[in-house]
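Encoded as structure tokens, the structure appears first; notes follow it.
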Amino acid sequence: HSADAHRTDLMTITRFVLNEQSKHPESRGDFTILLNNIVLGCKFVCSAVNKAGLAKLIGLAGETNVQGEEQKKLDVLSNEVFVKALVSSGRTCILVSEEDEEATFVEPSLRGRYIVVFDPLDGSSNIDCGVSIGTIFGIYMVKDSHEPTLDDVLQPGKSMLAAGYCMYGSSCTLVLSTGSGVNGFTLDPSLGEFILTHPDIKIPKKGKIYSVNEGNAKNWDGPTTNYVEKCKFPKDGSSAKSLRYIGSMVADVHRTLLYGGIFLYPADKKSPNGKLRVLYEVFPMSFLMEQAGGQAFTGKQRDYRKFDGWFCIKEHAAKLQTISSFYIGQ
Ligand code: P6P
């Protein structure tokens with residue numbers, strides 16, 4: 001009976017989010033509407049990514065397709081879809097996208113209380129070879145209803161309300177946390193619905209995988225070099241870890257969440273501030289990892305939540321400084 005109930009008692013992400021909302025009777029449902037618009041954006045991007053190889057959406061902007069239309073690069077298209085879905089939700093006031101030089105300030109008539117920071121299509125350099133890519137997002141609440149400014153975006157990671165990613169791979173999986181655990185939903189294309197497939201994700205306590213770009217090893221500092229050496233030649237007689245590195249953050253983090261281990265993007269001589277962007281890569285993934293029982297730190301400062309807005313470059317919040325070194329996992 002329970003198996004059948006599971007099959008027929010579909011827990012869609014919409015239903016899941018409404019259930020969450022019902023735990024907060026005071027809520028006006030704005031957050032639910034916001035999340036539903038993010039879900040819409042993910043469904044669109046999933047469809048576009050799946051068609052990309054066929055509809056020649058890949059490759060450089062400026063190419064024309066069979067209809068002779070100007071081709072938009074997939075990340076440009078994805079960004080437009082998310083910006084439009086978020087603005088039209090009527091629940092956002094500031095959007096910071098990896099694709100846009102400047103933040104988007106929503107016009108007063110459509111302005112809401114939420115700030116969304118996102119990378120619409122992270123890892124897009126992997127599109128042409130079919131490697132999984134993803135959308136990463138984080139949600140803050142604007143501090144008060146004054147005229148929103150960039151200072152509202154310069155909030156520390158600890159004040160993030162929710163974070164998630166959608167991975168476009170062999171299946172389309174949306175992983176979300178609104179602050180009480182992490183849940184994974186898989187898109188059923190025949191229903192056009194995300195179904196709860198990974199309830200209450202917890203990262204395995206011990207991981208046998210380390211995930212880093214070994215090609216940067218010559219540039220690593222001492223502690224990173226020593227740590228990776230320990231992964232490969234453990235001194236305590238335990239077995240060496242396996243190296244898995246996809247080079248697409250969403251895929252590497254998703255595997256780490258489900259299988260355990262560590263994902264790291266250390267700073268090095270080539271990129272002394274590391275590479276991953278704080279606002280829409282580091283903070284959202286750290287939020288998720290901690291909600292799943294893992295941890296996130298810079299190697300120097302073990303608790304990312306002590307970071308404050310100074311990581312953001314005021315005039316270009318969208319082009320954030322990257323973090324010195326970034327480790328998440330167990
Ligand atoms: P590298 C993709 O461009 C990205 O931002 C992340 O998705 C990924 O983890 C990282 O860069 C890969 O960087 O230097 O190893 O190719």
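The values are calculated or read from the model by the stated rules, or taken from the named source; none is laboratory data. In this text the structure is predicted, and so the values were computed from the model without any measurement. Using ideal geometry, Cβ is built from the backbone for each residue, glycine included, and neighbour counts are taken over all protein chains shown. In case anyone asks, the SASA skips ligands and DNA or RNA and just uses the protein heavy atoms, side chains included. Shrake-Rupley method; radii C 1.70, N 1.55, O 1.52, S 1.80 Å.
Between Gln295 and Leu18, what is the label-to-label distance in nm when each label sits 7 Å out along the Cα-to-Cβ direction?
It is 4.1 nm.
Multiply the residue separation of Lys269 and His198 by 0.36 nm, subtract the distance between their alpha-carbon atoms, and state the gained length in nm to one decimal.
21.7 nm
In square angstrom, what is the accessible area per residue of the range 103-194 with a 1.4 angstrom probe?
About 36 Å² of surface per residue is accessible.
Determine the per residue accessible area of the range 211-292 with all protein chains present and a 1.4 angstrom probe, expressed in square angstrom.
43 Å²
Using mean Cβ contacts within 10 Å as the protection proxy, how do 92-105, 34-47 order, highest first?
34-47, 92-105
On a 1.4 Å probe surface of the protein chains, which of Met289, Met141, Met11 comes out largest in accessible area, and what is the full order?
Descending accessible area places them as Met141, Met11, Met289.
Full extension from Asn50 to Ser27: what is 0.36 nm times the residue separation minus their Cα-Cα distance, to one decimal in nm?
Residue separation times 0.36 nm, minus the Cα-Cα distance, leaves 4.7 nm.
What list of ³J(HN,Hα) couplings, whole Hz, do you get for the range 129-138 from phi and the Karplus terms 6.51, -1.76, 1.60, once you set θ to phi - 60° and write x for glycine and proline?
Values per residue, Gly and Pro as x: 10, x, 6, 3, 10, x, 9, 10, 9, x Hz.
Given the Cα atoms of the range 168-229, and with Rh set as the inverse mean 1/r over their pairs in the Kirkwood sense, what is Rg to Rh to two decimals?
1.18
Roughly how many nanometres apart are two label points built 7 Å out from the Cα toward the Cβ at Asp221 and Ser190?
Result for the modelled spin labels: 5.3 nm.
What nm distance separates the two modelled labels at Ser180 and Asp236, each placed 7 Å from Cα along Cα→Cβ?
Between Ser180 and Asp236, the simple spin-label model gives 3.6 nm.
Work out from phi, with θ = phi - 60° and the Karplus expression 6.51 cos²θ - 1.76 cosθ + 1.60, the ³J(HN,Hα) of each residue of the range 275-281, listed in order in whole Hz, and give x for Gly and Pro.
Here the 3J(HN,Hα) series is 10, 6, 7, 4, 5, 10, 10 Hz.
Indicate the gyration tensor shape class of the range 73-154 (rounded, prolate or oblate), computed on the Cα atoms with a ≥ b ≥ c the square roots of the eigenvalues: a/c under 1.5 is rounded; otherwise a/b larger than b/c is prolate and the rest oblate.
Prolate is the answer for the range 73-154, as a/c is 1.5 or above and a/b outweighs b/c.
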